[in-house]
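So the structure is just underneath, and the comments pick up after that.
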Amino acid sequence: MEPLEGKTPGTQSPETVSTRLKRIAELARKAPGMAFITLAHHIDIGFLHVAHGLTRKDGASGVDGQTADSYEKNLEANLQSLLDRFKSGGYQAPPVRRVYIPKGDGSKTRPIGVPTFEDKVLQRAVTMILEAVYEQDFQNCNYGFRPGRSAHQALDALWKGTMKMHGGVVLELDIQKFFDTLTHGHLRSFLDQRIRDGVLRRMIDKWLAAGVLEDGAVHYPQSGSPQGGVVSPILSNVFLHEILDRWFEDVVKPRLTGQAFLVRYADDAVIVLAHEGDAKRVMDVLPKRFAKYGLTLHPEKTRLVSFRPPKDRGRSGRPGTFDFLGFTHFWGTSRKGNWVVKRKTARSRLTRALKTLRVWLRRSLHLPVADQHEALARKVQGHYAYYGITGNGRALTNFLYEVGRLWRTWLGRRSDRAGMPWTEFNLFVRRYPLPRVRIVHSAMPRVANP
């Protein structure tokens, strides 16, 4: 694989970088069993410029405290230094700074690793190369952190597949602390099948071995890949592609007696199977499959759910529901009286969103009302942008009411009065209205046979 731009150095345009990546993707597609041994030469100063342009500038700073603005003051020299250290092997991956964000209903937290800005740029460049190769290998059921794919596409695929099968048995998968327990040895063996470039592999090993800064001390975990790193999503996709996606398509499905499909977004996945016997067999073998690669399924959250329209369950059957990507899926009737799969905001997500808003309102009590209204409106619009799907109007209306109630409560604490009466608040929101409920993601209804 020779450099496509020839021997002349210089800063390449985004179009030239795109051409390189397309060439890599074409070779990977034509030779699915080939391992690439020369890829690092594609990363030059121009490539790093493009990677820098794709790196978020408003993220938190890493252990060195350097921001995007300070790095850009001497951008050319910084990128050249980064390139020289990367190619020579002198680049030392700095520890990631660990922070915690709320998880589920807010009672638990999720650890997130924050790399330095320079490390983010280099991780972005390497990720671009890895994506060009692995996008040709990944299964269609994988929607997490892939170019041109989103959580709503995963939800849409799940909805359409479930409607087409008229329900079935849903197997919810929950991997315990996946990003913390991902085994480096197995990941390296999976990478060996496609990526054998020494420079890239040495860099990936350094990221895997980079320490984690927490409470003033640096720890060096023997497994895992910190969430928050730019390269972590592609590495986790490579891992789960081998142990779940490809295994399900090549080994499991040919042995089933009925239809089945898998939908995965990062480490969240569901399998829908037509026959209960198939579901039980898959449920029995899954823990052994994951244990083989050092992973553990949550014994309570990994479960089977009978998910069929009431007409197929009989009078004694109880309606089954399951959660996926922040939505509770359940059977309901359409306006024409047909049974359809409906989705509403999961209770844990609604609780977490309102708890986050409550904390923000308390901390923003001093802001001018106009500024507070502007920021609050953006947060409400952001909630609609994700949860505004067909059939979720009632949950969105409930969210808007609770937001108004919280805002009224904290506005009442801006003075010495006992609180703001509802009549006064209703006049207030006429001047500072909250965004109306809006459905952003619509789907054409596809009904089960009556």
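Say we join alpha carbon atoms closer than 10 Å with springs in a Gaussian network model of the chain; which of T55, T333, T181 then has the biggest fluctuation? In the Gaussian network model the winner is T333. Straight-line reach from K177: which aspartates and glutamates have a Cα under 16 Å away, not including same-chain ones fewer than 8 places off? Straight-distance partners of K177: D267, D268, E300. Which of rounded, prolate, oblate describes region 172-223, given a ≥ b ≥ c as roots of the alpha-carbon gyration tensor eigenvalues and a/c under 1.5 marking rounded, otherwise prolate only if a/b is larger than b/c? Oblate, because a/c is 1.5 or more while a/b does not exceed b/c. Site pair V99 and R281 shows an inter-label distance of 4.8 nm when each label is modelled 7 Å from Cα along Cα→Cβ. List every residue whose amide H lies under 5 Å from the amide H of R110, counting only residues 5 or more places away in sequence or on a different chain, with H placed 1.01 Å from N in the peptide plane. Under 5 Å from the amide H of R110 lie the amide H atoms of I101, K103, each far enough along the sequence or on another chain. For region 290-389, just say rounded, prolate or oblate: build the C-alpha gyration tensor, square-root its eigenvalues into a ≥ b ≥ c, call rounded for a/c under 1.5, and beyond that prolate if a/b exceeds b/c, oblate if not. It is oblate, given that a/c is not under 1.5 and a/b is not larger than b/c. The accessible surface of region 44-103, taken with every protein chain in place and a 1.4 Å probe, is 51 percent carbon and sulfur.
Per residue, region 32-122 exposes 47 Å² of accessible surface when a 1.4 Å probe is rolled over the protein heavy atoms with every protein chain present. Cross-link partners for K87 among the aspartates and glutamates, with Cα-Cα distance under 13 Å and sequence neighbours closer than 8 places in the same chain left out: D44, D197.
Whole number in Å², please: accessible area per residue of region 337-450, 1.4 Å probe, ligands, DNA and RNA not counted.
I get 61 Å² per residue for region 337-450.
In this simple spin-label model, placing a label point 7 Å from the Cα along the Cα-to-Cβ direction at both Y401 and R358 gives a separation of 1.8 nm.
At 222 nm, what helix-only mean residue ellipticity would the chain give, in deg cm²/dmol to the nearest 500, using -39500 (n - 2.57) for each DSSP H run of four or more? After summing the helix terms and dividing by the residues of the chain, the value is -14000 deg cm²/dmol.
Quantify, in whole percent, the carbon and sulfur part of the accessible surface of region 288-446 (1.4 Å probe; protein heavy atoms only).
Answer for region 288-446 is 50 percent, counting heavy atoms of protein chains only.
Is region 13-121 best put as rounded, prolate or oblate by its Cα gyration tensor, with a ≥ b ≥ c the root eigenvalues, rounded for a/c under 1.5, and otherwise prolate when a/b is larger than b/c, oblate when not? Since a/c reaches 1.5 but b/c is at least a/b, the shape of region 13-121 is classed as oblate. Looking at region 144-244, the accessible area is 36 square angstrom per residue; that uses a 1.4 Å probe and ignores ligands, DNA and RNA.
Averaging Cα coordinates gives a centre for region 244-277 and one for region 116-148; these two points are 24 Å apart. Among the listed values (1) 1.00; (2) 1.02; (3) 1.42, the one computed from these coordinates for Rg/Rh (Cα atoms, Kirkwood Rh) is (1). For D174, the residues whose modelled amide H falls within less than 5 Å of its own, excluding neighbours fewer than 5 places apart on the same chain, are H298, T302. Here the spin labels are modelled as points 7 Å beyond Cα on the Cα-Cβ line, and at R303 and D192 they lie 4.0 nm apart.
Taking a straight Cα-Cα cut-off under 25 Å and skipping sequence neighbours fewer than 8 places away in the same chain, the lysines within cross-link reach of K160 are K253, K280, K301, K311, K336, K342, K344. Mind listing which trypsin sites (Lys or Arg not before Pro) in region 306-401 are in a DSSP loop and have 14 or fewer other Cβ atoms within 10 Å? Those satisfying the criteria are R315, R335, K336.
The values are calculated or read from the model by the stated rules, or taken from the named source; none is laboratory data. Note that the coordinates shown come from a computational prediction; the quantities given were computed from them, not determined experimentally. Every residue, glycine among them, receives a Cβ derived from its backbone with ideal geometry; neighbour counts consider all protein chains shown. Heads up: the accessible areas ignore ligands, DNA and RNA and are worked out on the full protein's heavy atoms, side chains in. Shrake-Rupley method; radii C 1.70, N 1.55, O 1.52, S 1.80 Å.
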